[in-house]
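Have a look at the structure below, then the notes.
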Amino acid sequence: MAAELGVLPAAKALHDLDGDIAPLLHCLEQDLRRGTSQLREAAGMAGALGPRAAALVPALREALTGTDGDTTPALDTETALAEALWRVTGDTDGVVAVLHSVFSRAEQNPWSRWSVVQAARTTALLGPAGRPLAARLEAALNDPAQAPAAVLALTAVGEPASLDRTALAEAALRSAEQDADPEGACDALKALGPDALTGDHERRLAALADGDARVVRSGVEDRVIRQDEALRNRARVLLAAP
């Protein structure tokens, strides 16, 4: 296994140094075809190469057919492979089908809520081509942890005139208030724009910016305060947007 033997990092370093892509493609193909524990990492590297990794398309497709199961690692690996295929080929049809399957299976597993987040982020990359997944994204709005990624994806794939931006802002704001994904919530509110905010939303956002209670209440102890202050600053910027 190339990654476990240290060959893949060496091939990547060689590519970074002199642009020689052949050893890297060889190592990635090995890991993709063998279905190693580094499969997701290999998919990420392949996707980062874009069309230059066209020779890996058969291995990526083969790896997708070999993935199975409803566990979080299996679902996340499928999403990574689908994203890599899109970045390499630009083909969205097969990718949409894979993501639809991931959403469907993740909904049945309460431990896979973050797999929905990953699938939503990949869906956002597809733009309007990801519109067939809109219903899956809308279902994710009810989960505060999933809502910000779903909002961002809906703004990317949805028909602008059909989006209920006020409802999407409510879902994002609720996520921030519950410390589910406050950073993602700020990204979502920024994408929606100030026109999506009602007076009530603005008051609640002001409470996040300058209220007495900490917004970020969990995480690594010595980072929570810095993260909370950073979030407050972002909330202030959102409030100041014209």
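The values are calculated or read from the model by the stated rules, or taken from the named source; none is laboratory data. None of these values were measured; they are calculated from a predicted model. Methodologically, a virtual Cβ is constructed for each residue, glycine included, from the backbone with ideal geometry; neighbour enumeration extends over all protein chains shown. Just the protein is used for accessible areas: all its heavy atoms, side chains included, with ligands, DNA and RNA removed. Shrake-Rupley method; radii C 1.70, N 1.55, O 1.52, S 1.80 Å.
The table that follows gives values for the structure above.
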| quantity | calculated |
| --- | --- |
| The chain, dipole about Cα centre (Lys/Arg Cβ +1, Asp/Glu Cβ -1), debye to the nearest 20 | 180 debye |
| Added length on full extension, which subtracts the Cα-Cα distance from 0.36 nm per residue, residue 195 to residue 240 | 15.0 nm |
| Cα gyration tensor category, rounded, prolate or oblate, for the range 117-164 with a/c compared to 1.5 | oblate |
| Rounded, prolate or oblate (a/c below 1.5 giving rounded, otherwise prolate when a/b exceeds b/c) for the range 24-69 by Cα gyration tensor | prolate |
| Cα Rg over Rh - the chain, Kirkwood | 1.03 |
| Overall Cα dimensions of the range 1-122 - principal axes, largest extent first, Å | 45, 29, 21 |
| By average C-beta atoms within 10 angstrom, highest first, the peptides 139-151, 102-114, 23-35, 194-206 | 139-151, 23-35, 102-114, 194-206 |
| With every protein chain in place, the range 1-97: carbon and sulfur % of accessible area (1.4 Å) | 56 percent |
| Accessible area per residue in Å² at 1.4 Å probe, computed on the chain | 48 Å² |
| Size-normalised alpha-carbon gyration radius of the range 133-242, reference 2.2 N^0.38 Å | 1.03 |
